[in-house]
Amino acid sequence: MMVASLAEWVSMGEHGVYVWSAWGITALFMLGLTLHARLERRQLLKHLKRVARRQASPPQQRGHDDDPKA
């Protein structure tokens, strides 16, 4: 199938509006999905680093008001 001109190929026999809007919506969703996944990954890594720091730090000294022996 040969296309006579670029304009004819873009219009796709009057179905171009449907085809190109479907491509555009798909591209937007793929971009959104990628950005959302990167944001969630960044948040997960921050959370895991906080948990690792909390587990690696020595236990905090309690004040005399919190002493269960008193």
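Bear in mind that the values in this text are calculations on the coordinates, not laboratory data. Note that this is a predicted model, so its numbers are computed, not measured. Reconstructed Cβ throughout: ideal geometry from the backbone, glycine too, with neighbour counts over all protein chains shown.
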Which loop GluC sites (Glu not before Pro) in the stretch 1-56, with loop taken from DSSP, have no more than 16 other Cβ atoms within 10 angstrom of their Cβ? Glu14
Please report, in debye to the nearest 20, how large the charge dipole of the stretch 8-52 is about its Cα centre when each Lys and Arg carries +1 at its beta carbon and each Asp and Glu carries -1 there. 780
